[in-house]
Amino acid sequence: MKSIELIGKGKEMHGRAYIEVMPDELENAIKKLKENGFNHFVMLSCIDWLEEEKFELVYHLWSYEVKEHVMLSVRMNRNNASMPSMSHLFPQIETYEREIHEMYGIEFDGNNRLTPFLLENWHHAPPMRKDFDSEKFVGKLYESIPFIEEDENEGI
Amino acid sequence: MDVMGIAIKVALLTAYAVIGTCVGLLFMGIGRKIIARVHNRVGPPFYQNFIDVAKLLSKKTNISHGWIFDLALLFSISGILLTLLFLPIGGVQLLSMEGDAFLVLYLLAIPALGFALGAGASGNPNAGVGVMRALVMMLSYELPFIITLIALMIYYDTTSLATIVRMQSINGVKSWAITMPPFMLAAFAADMALQGMLMEQPFDIPVAPHEIASGPMVEFGGKYLGSLMLYKAIALVAETTLFVDLFLGGGVVAHGNFAFVINFIVWLALIFLLFILSILIAASFPRFRIEQAFGFYWKYEAIIAAISLIWVYILVIK
Amino acid sequence: MGLYIGDKMMKYEEWSKLAIKVSKASLWMLHFCTGCGAIEMPPVMTSRYDMERFGIAPMATPRQADVLLITGYLTVKTLRRVIQVYEQMQSPKYVIAFGSCTINGGMYWDSYNTIKHLEKYIPVDVYITGCMPRPEGIINAFIKLMELIDEGKARGWEKYQKYYDKYKENQRRVFNFEIEGENEEY
């Protein structure tokens with residue numbers, strides 16, 4: 001596949017190119033792909049590998065010329081995870097980084113718009129991390145609020 | 001005038017106002033039913049609008065936005081009631097004066113201004129947008145309407161509505177203005193202006209519910225909205241009656257002692273037909289944007305009205 | 001308070017009965033379209049199911065509406081807006097809640113951001129079960145609401161006025177939720 005030839009490593013997975021890069025190689029890889037026809041940034045997704053203590057960021061790009069989908073995968077440590085921001089290459093990355101910062105707590109250096117995005121008044125742990133116990137949180141917050149029962153003797 | 005005469009006059013005026021309101025509400029209900037049938041729906045019962053108004057007037061909380069908001073509604077309703085009382089209905093005009101054709105034009109502008117005041121007092125941005133559009137719409141439809149009115153005034157050589165109606169009813173249907181070719185054009189232009197006055201589609205951009213949340217009425221609720229519906233019902237009757245008076249001889253077909261009853265029924269039938277026409281146009285067209293509506297009125301309608309005016313002028317000179 | 005009609009005086013109670021009769025036959029709704037319920041509304045309004053034959057009409061603003069329809073799950077963020085809309089409506093006002101999401105969270109029962117029981121924050125008069133309810137169900141709910149109004153049982157707005165402090169307390173709890181040392185806990 002074209003993207004694998006361009007970067008020089010990676011493998012084909014389900015008809016897509018899957019390339020694992022190191023964090024310091026990422027910017028050059030995206031730049032090179034962008035110059036060679038991969039000019040549609042599809043999305044940025046994140047995976048929490050709890051057992052391996054890693055976060056994986058996947059940059060999806062698409063080329064209209066060779067009709068090829070490439071996934072650039074970057075791994076980083078789970079503790080104090082941070083990445084350089086790529087929003088100067090594709091401006092829409094800024095919003096994806098904002099969401100991932102809110103949902104996983106990953107810091108993106110160089111993105112100064114990491115303000116609260118989707119969650120309302122959220123000051124707990126990032127909710128999409130695998131060690132966030134959603135059921136326990138629901139029990140603490142929503143289930144603990146009482147129903148409002150009418151006083152039968154008083155009436156309205 | 002003796003006390004008895006004044007009392008009878010006041011009673012008649014009240015009766016006119018009540019009849020106007022009831023007829024308007026009934027027509028609005030029938031209009032909803034017709035639109036529903038056009039959409040292949042069953043539609044609400046024809047008395048639905050009476051229920052709606054009663055419900056709105058029986059609401060328990062009514063939020064006001066200051067005294068201008070309260071007064072503006074009164075302004076609108078009294079303006080449109082006064083217009084209705086100045087119009088000959090079935091050939092009978094309760095209030096009259098010299099040059100009342102002009103007066104009616106001024107009175108018709110009062111409700112829109114009252115509307116604007118109320119909407120402005122509510123402070124909602126949607127209401128502001130809606131009022132701007134309503135005033136632009138008023139400016140657009142008044143030009144062709146005034147030109148057709150001038151044509152009528154030149155032909156009948158009067159500024160009194162009662163005289164226009166009387167001269168059209170000399171020979172019954174044959175002397176109606178709409179039977180003459182120049183006034184057919186004028187009537188077409190005036191009917192389109194009527195569509196704008198009634199704020200029916202395609203000219204309902206001021207109150208577009210899906211775009212600006214029903215425009216000027218956005219902050220009206222409870223009793224205020226109920227009064228607004230009453231205003232709309234009276235406005236419907238007053239505006240269609242104005243058209244009937246100008247082009248259809250005010251519905252006067254009979255003369256004599258009990259002619260009033262027949263004339264009244266004919267008037268009712270004529271305004272009903274006009275309203276049905278307007279409803280059918282409304283049910284079959286989407287809405288114009290404000291600049292399209294403005295262009296429609298000032299380009300095509302104004303030209304049609306101007307042609308009829310020139311034609312009438314040539315007829316009169318000969 | 002009363003008014004003479006003919007030779008008998010209509011008492012205040014009789015006027016209230018009349019008011020109940022008319023408010024039953026003309027329910028104007030505001031559909032607060034969250035979640036997947038919004039897509040069920042167009043068939044109900046248009047020619048297939050035609051809710052206008054019962055006097056039910058869609059309205060554009062909360063000031064004009066009598067019934068608030070909540071058509072699906074609510075997050076904390078949308079709950080804030082729903083409460084604003086509900087408080088803007090003019091009483092008597094009613095709430096119809098759609099689907100299992102508003103009853104107990106439905107398929108979002110363990111979601112960190114979806115409120116589970118709508119009834120804890122605003123009073124609900126009629127629930128429609130299902131995921132999603134069909135248009136017949138929606139019309140059925142309106143008929144049920146009319147029956148409740150007729151029997152004088154649809155009084156959620158009175159309950160909200162009476163227990164206003166409790167409702168406000170619940171709303172405050174869900175908006176400003178804090179636990180000490182919680183960053184480690186979850």
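Brief remarks on what is shown
- Of the residues screened, B:Ala193 is not one that is surrounded by fewer than 22 Cβ atoms within 10 Å (Cβ to Cβ) and either over 14 Å from B:Gly90 (Cα atoms) or touching a strand residue (DSSP E or B) at 6+ places or on another chain (Cβ under 6 Å) (or both).
- Checklist (1) within 14 Å of chain A (Cβ to nearest Cβ); (2) among the polar types (S, T, N, Q); (3) in a helix (DSSP H, G or I) applied to C:Ser100, failing item: (1)
Yes/no matrix, rows are residues, columns are (1) within 19 Å of C:Thr75 (Cα to Cα); (2) crowded, with 18+ Cβ neighbours inside 10 Å:
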residue: A:Glu102; (1), (2): yes, yes
residue: A:Gly110; (1), (2): no, no
residue: A:Pro116; (1), (2): yes, no
residue: A:Glu120; (1), (2): yes, no
residue: A:Pro127; (1), (2): yes, yes
residue: A:Lys130; (1), (2): no, no
residue: A:Phe137; (1), (2): yes, yes
residue: A:Glu143; (1), (2): yes, no
residue: A:Asp151; (1), (2): no, no
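- If you check A:Ile19, A:Ile47, A:Ile30 for being among the β-branched types (Val, Ile, Thr) and not in a strand (DSSP E or B), only one passes: A:Ile30.
- Answer from A:Glu135, A:Glu68, A:Glu149, A:Glu143 - the residue that is among the charged types (D, E, K, R) and more than 10 Å from chain C (Cβ to nearest Cβ): A:Glu68
- Number of positions in region C:107-119 that are surrounded by fewer than 19 Cβ atoms within 10 Å (Cβ to Cβ) and touching a residue at least 24 places away in the same chain (Cβ under 8 Å): 1
- For region C:63-99, the set of residues classified as closer than 18 Å to C:Cys36 by Cα and among the small types (Gly, Ala, Ser) consists of C:Gly72, C:Ala97, C:Gly99, listed by residue number.
- Identity of the residue in region B:199-240, within 11 Å of another protein chain (Cβ to nearest Cβ) and acidic (Asp, Glu), that ends up nearest to B:Ile89 (Cα to Cα): B:Glu219
- Which listed residue, of C:Glu169, C:Glu184, C:Glu136, is at pLDDT below 85 and either assigned to a helix (DSSP H, G or I) or at the interface with chain A (Cβ under 9 Å from one of its Cβ atoms) (or both): C:Glu184
- So B:Leu107, is it away from chain C (no Cβ under 14 Å) and under 16 Å from B:Leu228 (Cα atoms): no
The values are calculated or read from the model by the stated rules, or taken from the named source; none is laboratory data. Note that the coordinates shown come from a computational prediction; the quantities given were computed from them, not determined experimentally. No Cβ is skipped: glycine too gets one built from the backbone with ideal geometry, and neighbour counts run over all protein chains shown.
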